[in-house]
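What follows is a single structure, written as structure tokens, with notes after it.
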Amino acid sequence: MSSEQKVFEHVKSKLMEVEQGSIVVLPEYVAYTEENSRQTLTALVDICRSKSISVITTLNLVPPNLPHATKGVNYNVLTIVTKEGKVHTPQAKITPQSFERVQYEPRFPKMNVGDYDYLNKVTIEIDGVKSSVFFVICSDVYCLMAGVERKEELKADYCIVPGNFGNGAEKAVRRTLERFREAGLFKTTIFANPYQNLKDASQTPLVKEATEMIELAPAHSIRELTDWDRIQLVKENVAIYPDDQVPSFVHMTNLTAMDEGRMTVGMSRFPVVVQLGSYSEVIQL
């Protein structure tokens, strides 16, 4: 976690190390301003083609193929670049944080992304095998608890979470994903969170690394997830805040370390009713 330029240089060096044919899940916002997002996408297309890898992350873009998108609106959009350099944008963030939606002061980054109300089921194909996926962007994990009315409709082979969770919030994500795996709704969960390297070891980083892929054991007994359980997940893992009181990412991290770790959702997006949708193309990874 650093400036956009430094982050991308770091990411680029890591991508050069992965094996040919790999599928890489990066955290949310490899670039977060519109101009740098466009430049980063161009660079990712070149890297994916030259290395024959696929990359999954999010960027601040006017998406080329997002279902139900408002024309001309930029979103914090899930961006998948395939080995052939094809770009898919099948999902956008439903619960952008206050500072993503509004630039409160000139000293904070200008993102100004739009709100999205759909959670789209996506079909991916890997080595001839098709699987269903929900891509859940960062705090949209909240929508699994409260935004979707019928939990049965969330069942999928994969839940992939590109995150940018503040210090402590990664614990709330792990608890929530574990509960959905236990209920048999997701067979495999993948979670990627960035990290901050501090020169002073006595300081607390704003974000802590999470890199994990967890599969539900084949012999696992299903533990039912009731509506009451989902309400409890909200109560134990989410902090709701007035938007104008959290004008930056740093302000947000004052909330994420609460209790045993909490993800944050602004009041403007707390009552969102999520519509379930789908992405029409099969994404070849």
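For the stretch 34-49, check the following and say yes or no: at least one residue is open to solvent by 60 Å² or more (accessible area, probe 1.4 Å) and within 20 Å of Met213 (Cβ to Cβ). No, every residue in the stretch 34-49 fails to be open to solvent by 60 Å² or more (accessible area, probe 1.4 Å) and within 20 Å of Met213 (Cβ to Cβ). I want to confirm something. Restricting to the stretch 11-41 and keeping residues that are part of a helix (DSSP H, G or I) and farther than 22 Å from Gln103 by Cβ, which single residue is farthest from the chain's Cα centre (by Cα)? For the stretch 11-41, the residue satisfying everything is Ser13. Only one entry in Tyr158, Tyr195, Tyr118 is open to solvent by 10 Å² or more (accessible area, probe 1.4 Å), among the hydroxyl-bearing types (Ser, Thr, Tyr), out of contact with any helix residue (DSSP H, G or I) (no Cβ under 9 Å at 6 or more places or on another chain) and at pLDDT below 95, namely Tyr195. Evaluation of Pro67 against the conditions (1) out of contact with any Pro (no Cβ under 9 Å at 6 or more places or on another chain); (2) surrounded by fewer than 22 Cβ atoms within 10 Å (Cβ to Cβ) shows that the sole unmet condition is (1). Filtering the stretch 190-221 to residues that are β-branched (Val, Ile, Thr), in a strand (DSSP E or B) and closer than 17 Å to Asn164 by Cβ leaves Ile190, Val207, Thr211. Does the stretch 127-152 hold any residues that are open to solvent by 30 Å² or more (accessible area, probe 1.4 Å), modelled with pLDDT of 95 or more and not in a loop (DSSP other than H, G, I, E, B), and which are they? Val129, Lys130, listed by residue number. Comparison of Leu59, Leu66, Leu44 shows that the only residue that is in a helix (DSSP H, G or I) and within 19 Å of the chain's Cα centre (by Cα) is Leu44. There is no residue in the stretch 233-248 that is crowded, with 17+ Cβ neighbours inside 10 Å, on the phi > 0 side of the Ramachandran plot and not charged (D, E, K, R).
The values are calculated or read from the model by the stated rules, or taken from the named source; none is laboratory data. It should be emphasised that the depicted structure is a prediction, and the values quoted were computed from it without experimental measurement. Cβ atoms come from the backbone with ideal geometry, glycine included; neighbour counts cover every protein chain shown. Each accessible area value is taken on the protein alone, full model and side chains, heavy atoms only, with ligands, DNA and RNA left out. Shrake-Rupley method; radii C 1.70, N 1.55, O 1.52, S 1.80 Å.
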